[in-house]
Amino acid sequence: EEFMEVSEFEATFETFQLKPNKRRIDPCLAVTKYRRSAAGTTIERSQLRTLQQLETTWHHLLDLICTQTLPQQNASTSTTPTPATIQRQRRSFAKTIAFCDDRIR
């Protein structure tokens, strides 16, 4: 959010359809974006993820891929889709893979 680059994958349900600079981050969905450090600079230890954080992030990203859903073919379904299902239906598989790839480099 600091760089106004909020992905639809980490935005709140209320804002995921807005332009990236208008989206708000859902802390439960946010994943730090890969950024190459400038030459000669060192990375602070506090900026490194712990093994537990890496595992949690990896499982979250795999969940995004594995639970990718297609839009409903039959609009006459009796169940109301959850906000998470609506978000997943609006994403392409290519966008999902690109987001995950950017976060695990």
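Listed values, structure above:
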| read-out | value |
| --- | --- |
| The range 16-49: number of residues that are open to solvent by 70 Å² or more (accessible area, probe 1.4 Å) and in a loop (DSSP other than H, G, I, E, B) | 19 |
| Residue within the range 50-62 that is assigned to a loop (DSSP other than H, G, I, E, B) and either at pLDDT below 80 or of a type outside the set (D, E) (or both) present | yes |
| Selected residue [aromatic (F, W, Y), open to solvent by less than 70 Å² (accessible area, probe 1.4 Å) and modelled with pLDDT of 75 or more] from F13, F99 | F99 |
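The values are calculated or read from the model by the stated rules, or taken from the named source; none is laboratory data. It should be emphasised that the depicted structure is a prediction, and the values quoted were computed from it without experimental measurement. Side chains included, ligands, DNA and RNA excluded: accessible areas come from the protein's heavy atoms. Shrake-Rupley method; radii C 1.70, N 1.55, O 1.52, S 1.80 Å.
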